[in-house]
Structure formats: structure tokens, C-alpha cells
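The values are calculated or read from the model by the stated rules, or taken from the named source; none is laboratory data. Just so it is clear, the model here is predicted, and its values are computed rather than measured. Virtual Cβ from ideal backbone geometry, glycine too; neighbours counted across all protein chains shown.
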Amino acid sequence: MSRIIINRRRFLTVAGVAASTLPLAGCDALDGMLSSGATARDVMAKANGLTYRVQRFLIGADGLAKEFSESEIRQGQRPNGSTDPTDATYIALRVAGFAGYRLDVGGLVDRRLRLSLDELRNMPSRTHITRHDCVEGWSCIAKWTGVPLSAVLDEAGVKSEARYVLFRCFDTMNLGLSGEVAYYESIDMLDARHPQTILAYGLNGEPLPVANGAPLRLRVERQLGYKMAKYIRSIELVSDLAPYGQGKGGFWEDLGYDWYAGI
Amino acid sequence: MATAIEKHDIHSQRTTIRRHGIVTRVTHWTWAVALFFLLLSGLQIFNAHPSLYIGEQSGFAFDNSVLSIRAVRGADGNAEGLTTLFGRRIDTTGLLGVSGPEDSRVYEAFPGWLTVPSYHDLATGRVVHFFFAWLFAATFISWFAASLINGHLRRDILPSFSDIRGLPGSFLEHLRFRFHHCRSYTGLQKISYAIVLLVLFPLMILTGLTMSPGMNAAMPWLTEIFGGRQAARTIHFVVMLLLVGFFAIHIFMVFAAGPINEMRSMVTGRYRIDGEAAEGGSER
Ligand code: HEM
Ligand code: HEM
């Protein structure tokens with residue numbers, strides 16, 4: 001029977017060759033293909049459309065995100081992104097305890113609405129305990145109270161051409177050369193009408209703190225945190241996302257993040 | 001017949017067979033490429049929040065940490081890489097947490113040469129990861145379906161009873177770098193490939209999907225089987241380490257067993273086997 005029996009020298013050669021393949025991973029070689037606007041990156045980003053369609057098919061319209069029990073709330077909700085907007089209008093509203101706040105609902109609607117916090121609190125409400133998943137990788141369980149977005153949309157009457165709900169926010173993010181850029185986000189009508197999609201004004205049984213988006217923030221429980229706009233200034237029903245911001249449907253989307261954040 | 005052959009020169013004892021079918025070869029190289037990108041983009045994603053936990057959520061006000069890799073300021077005022085594993089603090093300056101030359105330090109959990117892109121860019125890391133996740137899942141499903149139908153799974157991957165009994169012997173042979181070039185995989189090869197293909201690959205896909213809030217709504221049982229979303233993230237990471245470990249040994253073995261013959265078998269399908277084994281087709 002013939003066998004290969006390796007002696008010490010052959011062993012060392014083999015080990016050397018194997019080890020020398022490791023630094024091949026040096027990856028700045030790929031940076032050019034992956035910079036924003038590069039073709040390879042654009043092609044790969046198309047996979048998000050596939051994820052969107054497949055997940056929509058699997059989840060169905062009303063599949064619910066998991067809800068937890070009171071005992072699973074073990075810490076406060078970790079604030080992230082903006083935690084204290086510096087917009088002058090916002091500061092004035094905050095100082096007055098948001099008494100003068102009016103949520104503006106417009107765009108492709110039958111009736112334009114301007115709703116105060118009290119009016120929102122007097123609408124149907126929903127409370128649920130869910131897990132917030134941040135795109136960075138962490139998760140945090142908290143109890144959210146708010147008005148179902150569908151109730152607000154019904155009150156305004158959505159025109160049939162509307163395909164997205166756009167949220168404009170008070171907070172801005174500093175983008176260096178581009179200066180301060182206002183946060184905005186968008187979701188499709190299916191998520192907008194989902195029973196767990198709420199405009200939250202309460203967190204863990206208390207009024208929503210400023211760090212978490214007071215007076216009003218969005219909860220879209222089947223997507224990641226960056227979809228859930230904080231400090232909502234106005235809501236607009238639109239048929240196309242291209243005219244807003246850089247056209248990708250949201251502040252982070254304009255910086256290269258996927259519009260559909262179900263994963 | 002065996003005696004007749006022995007009279008000839010040693011090379012005529014060798015026979016070339018067709019070892020790997022087209023699907024086995026194409027899927028292998030596809031997942032090799034996909035795994036390369038998944039690993040490097042995965043480490044980019046990890047860098048965005050370089051901490052792993054058990055359970056459903058990340059403990060900020062309580063401690064359920066398994067692993068964290070951070071940059072901290074040391075006693076001398078210089079940045080140090082601090083890796084904490086189950087509460088054990090390990091100084092990993094230069095490799096994890098803080099890396100790069102003294103004058104241009106990089107404060108990332110995994111250094112740039114282990115991530116795509118090489119600089120901090122979570123958005124692109126995710127774009128790359130999910131593109132190759134689709135490719136990888138499609139490749140795995142194709143491999144599985146084809147191997148089920150053409151018998152590759154039953155014949156070459158699932159270890160038989162005698163493979164398992166012969167395992168200690170097979171292990172010792174490998175340790176001594178004695179390789180038999182036979183028609184099929186040795187017992188040890190079968191078991192390691194079966195673990196990679198039937199346990200680690202599916203685990204990687206399932207724990208990846210478990211981290212998806214969308215999939216949680218579609219399949220709430222996913223987080224239940226893995227013990228929560230953050231636990232799934234930890235398992236995803238550990239399975240990644242196991243795959244990297246397998247890969248290191250795998251490459252080493254390919255070189256040790258004769259890289260030309262091994263590579264030819266995985267590229268063209270043709271493989272040169274030892275004389276005796278060709279006739280019996282048996283393991284020993
Ligand atoms: C179809 C297969 C896969 C899917 C669906 C998937 C999905 C994911 C997701 C959703 C994350 C983000 C976790 C977070 O938010 O932090 C992630 C992270 C990661 N993935 Fe994957 N992945 C897959 C395969 C792989 C493979 C094959 C590898 C390595 C060989 C890998 C390595 C990593 C690493 C290192 C991370 C970052 C650290 C962590 O969160 O564990 N993934 N993956
Ligand atoms: C570029 C690197 C790689 C090379 C050169 C390589 C080489 C090979 C060779 C030559 C074989 C055939 C072995 C034989 O016939 O005895 C093989 C099979 C195999 N390799 Fe790799 N491989 C590589 C990467 C990987 C990676 C990254 C994985 C997974 C982590 C992997 C997993 C496997 C598996 C599971 C098999 C058995 C496949 C089957 O029979 O269906 N390989 N590889």
C-alpha cells in the first residue's frame with residue numbers, strides 16, 4: 001500500500017504555505033469596488049429588494065412581532081442617534097412641555113390634520129412590550145404606548161395614489177461638509193397599516209423622554225431601529241420617495257443603508 | 001492481477017478516477033467565495049457593536065455579556081485593546097480593539113485587514129453580507145438537493161457505522177500525515193464534512209435569520225430555539241469561529257495530502273488513487 005509519509009521538512013513547507021495564504025485577506029484591495037456609487041456595490045445592494053419581497057411574502061400583512069411580558073423589561077430603553085435636538089422650534093416646544101406641539105399630517109390625504117398631543121392621547125391607544133433591534137447589533141426590551149398610525153391615517157383619509165408615509169423630524173445630524181441634515185424616514189402602506197405600528201408618546205409607563213424622541217416617535221416593530229423616526233414634526237403621504245432628501249427614503253438610506261430594514 | 005501489476009513500474013499502479021461530480025465542485029467553489037466575503041463583512045458588522053450577550057437583549061443595566069472587544073485608556077495614558085471573555089480581561093493591543101502602527105492606531109474591534117471595506121462602514125458591510133448570504137443559502141440548498149438526489153450525501157458524506165468505528169484509527173493516520181488516496185473520503189473526512197455541511201452551514205443560516213426582526217414576525221420559534229436574538233448573534237459568531245477553524249485545518253490537509261491531486265479533483269473532478277484501493281474501492 002503506498003502512503004505519503006511526511007517528514008519534518010515537508011511538514012514545515014506545508015505549514016509555511018498554509019500560513020502564507022492568511023495575509024491574503026488584506027482587504028483594502030476591495031475598497032474601490034465597495035465605495036458609494038461603485039457598480040459592484042449597487043449590484044449587491046439589489047439583494048435588499050429580494051429580501052423585502054421574500055420577507056413580505058413570508059410574514060404576511062399582519063404577522064406580529066413578538067411581544068414580551070412586563071418581567072422582561074430589565075433596563076431603560078437605550079437612547080441612540082440624536083438625544084437632544086437643538087432646533088430652535090423644538091427647544092421652544094420642549095420648554096413649554098410640548099403644549100404647543102401640533103402633528104402635521106398632509107400630502108396625499110383628503111383632510112389635512114393638525115393634532116395636539118392631547119388629541120393624539122384621546123385617540124385609540126395601543127401598548128405593547130417589544131424588542132428594539134438596532135442596526136448596530138444590540139437589542140433592548142421596552143414598553144411602548146401610542147396611537148396606531150392607521151387610526152391617524154383613517155382620520156386624514158388616505159388618497160389611493162399614496163404609497164409611502166414620510167416622517168419629517170426635528171432632529172438634525174451633523175454630516176461634516178454637508179452641515180446639519182434633517183432626519184427623515186419612510187415606510188410603505190403595509191407597514192403603516194400594521195396593527196403594531198404606532199406613534200408612541202409613552203415609554204415604560206411614563207411620558208416619552210426627550211432622549212427617546214419626545215413628544216412623538218414611530219414604532220415599526222418588524223424593522224430595525226433606524227426606521228423608527230424620533231421627534232416627529234410632520235407626516236406626509238407620498239407616491240414617490242425620489243423628491244425627498246437624496247431620494248433614498250431616509251436619512252440613513254441616503255448614507256447607504258438599506259431602505260428595507262427587516263434584517 | 002495484483003501480482004502482474006507489481007511487475008510494472010510503480011506509476012502504473014495508479015489509476016485516475018472521477019471523484020467529484022459537477023455540482024459538488026461548483027457549489028464548493030461558490031461557497032468558498034461566499035464564505036470569504038461573509039466572514040470579512042461579518043467582522044465589519046461586529047465592529048459596529050463589538051459585544052456579544054446571552055438571551056434576548058443586550059445588558060446595559062445588567063450583565064449578560066459573553067464577549068466584548070473595546071479600546072480603553074491604559075494607566076500610561078495610551079489606548080489599549082481590551083477583550084473581555086466571560087468576565088476575564090485579556091490585553092489584546094495590536095490585534096483586537098486597538099491595532100495598526102503606533103503612530104496611526106485604529107480603534108476597531110477587528111483590524112481593517114479583516115474587514116470589508118477596510119475602513120468603518122456598517123452600511124456597506126451589511127450590503128455585502130446580505131448579498132453573499134443569499135448566494136450562500138442558494139448554494140447550500142442546491143448542494144443539498146443535488147447530493148440527496150445523486151447519492152453524494154448518502155455515499156460520501158453521511159458516515160457509516162464502520163466509518164465511526166474506524167474513527168480513532170483514521171484520526172491517528174491523519175496525525176501521522178499518512179493519507180490513503182481512495183475512491184471516497186476517509187471516516188474522519190466524512191465526519192468533518194458532515195458536521196460542516198449538515199450542522200454548521202444550516203446553523204449559520206438559521207442564526208442569521210433569527211437576528212432579523214422581520215423573520216421573527218414570520219417565525220417566532222426561531223428566537224425560541226436559539227434562546228433569544230442576542231444568543232443567536234453569539235451562536236452566529238461562535239459558528240463563524242468553528243468554520244474558520246475547520247478552514248485552517250482543511251487547507252492544511254489539502255496541502256499535506258498532495259495539493260495538485262486534491263485541487264485537480266475539486267476543479268476537474270479527476271483524482272489519482274492508489275493502486276490497491278482502486279480495485280477494492282475500500283477504505284483500507
Ligand atoms: C445565509 C447566511 C447568513 C445570514 C442570513 C447572516 C446574517 C447575519 C446578520 C443579520 C448579522 C447581523 C447581526 C447584527 O445585527 O449584529 C450577521 C452578522 C455576522 N455574520 Fe452573518 N449571516 C450569514 C452567514 C454568515 C457566515 C457564513 C459567516 C462567517 C463565515 C457570518 C459571519 C458573521 C459575523 C462574524 C457577523 C458579525 C458578528 C455577529 O453578529 O455575530 N455570517 N450575519
Ligand atoms: C480556497 C480554499 C479551499 C480549497 C483550496 C479547498 C479545497 C478542497 C478540496 C481539494 C476538496 C476535496 C477533498 C477531497 O477530495 O478529498 C474540498 C472539499 C470540501 N471542502 Fe474545501 N476548499 C477550500 C475552501 C473551503 C471552505 C471555506 C469550506 C467551508 C468552510 C470548505 C469545505 C469543504 C467541504 C464541506 C468539502 C466536501 C464537499 C463535498 O464532498 O460535497 N472548503 N475542498
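What to note about this one:
- The residues of region A:225-263 that are in a loop (DSSP other than H, G, I, E, B), within 14 Å of another protein chain (Cβ to nearest Cβ), hydrophobic (A, V, I, L, M, F, W, C) and within 25 Å of B:Ala217 (Cβ to Cβ), listed by number, are A:Met228, A:Trp259, A:Ala261, A:Ile263.
- Residues of region B:40-93 that are among the hydroxyl-bearing types (Ser, Thr, Tyr) and part of a strand (DSSP E or B): B:Ser51, B:Tyr53, B:Ser65, B:Ser68, B:Thr83, B:Thr84.
- Of everything listed in (1) touching a Cys at 6+ places or on another chain (Cβ under 9 Å); (2) at pLDDT below 95, the single unmet condition for A:Gly176 is (1).
- Qualifying positions in region B:185-205 - modelled with pLDDT of 95 or more and within 13 Å of chain A (Cβ to nearest Cβ): B:Ile205
- Filtering region A:124-153 to residues that are on the phi < 0 side of the Ramachandran plot and assigned to a loop (DSSP other than H, G, I, E, B) leaves A:Pro124, A:Ser125, A:Cys134, A:Val135, A:Glu136, A:Trp138.
- Filter result for the condition that a residue is among the hydrophobic types (A, V, I, L, M, F, W, C) and either surrounded by 20 or more Cβ atoms within 10 Å (Cβ to Cβ) or outside the structural domain of A:Val220 (by TED's automatic domain parsing) (or both), over A:Val105, A:Val109: A:Val105
- Taking the numbered list (1) touching a helix residue (DSSP H, G or I) at 6+ places or on another chain (Cβ under 8 Å); (2) closer than 15 Å to A:Tyr164 by Cα in turn, A:Leu241 passes all entries but (1).
Yes/no per residue for (1) within 16 Å of ligand 2 (Cβ to nearest atom); (2) within 14 Å of chain A (Cβ to nearest Cβ):
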position	(1), (2)
B:Val23	yes, no
B:Ala34	yes, yes
B:Leu38	yes, yes
B:Ala48	no, yes
B:Gly55	no, yes
B:Phe62	no, yes
B:Gly77	no, no
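- Out of B:Leu200, B:Leu209, sole residue that is within 13 Å of ligand 2 (Cβ to nearest atom), in a helix (DSSP H, G or I) and without any contact (Cβ under 8 Å) to a residue 60 or more places away in the chain: B:Leu200
- Of the helices (runs of 4 or more DSSP H) lying entirely inside region B:117-191, those carrying at least 2 residues that are crowded, with 21+ Cβ neighbours inside 10 Å and more than 10 Å from ligand 2 (Cβ to nearest atom) are B:122-150.
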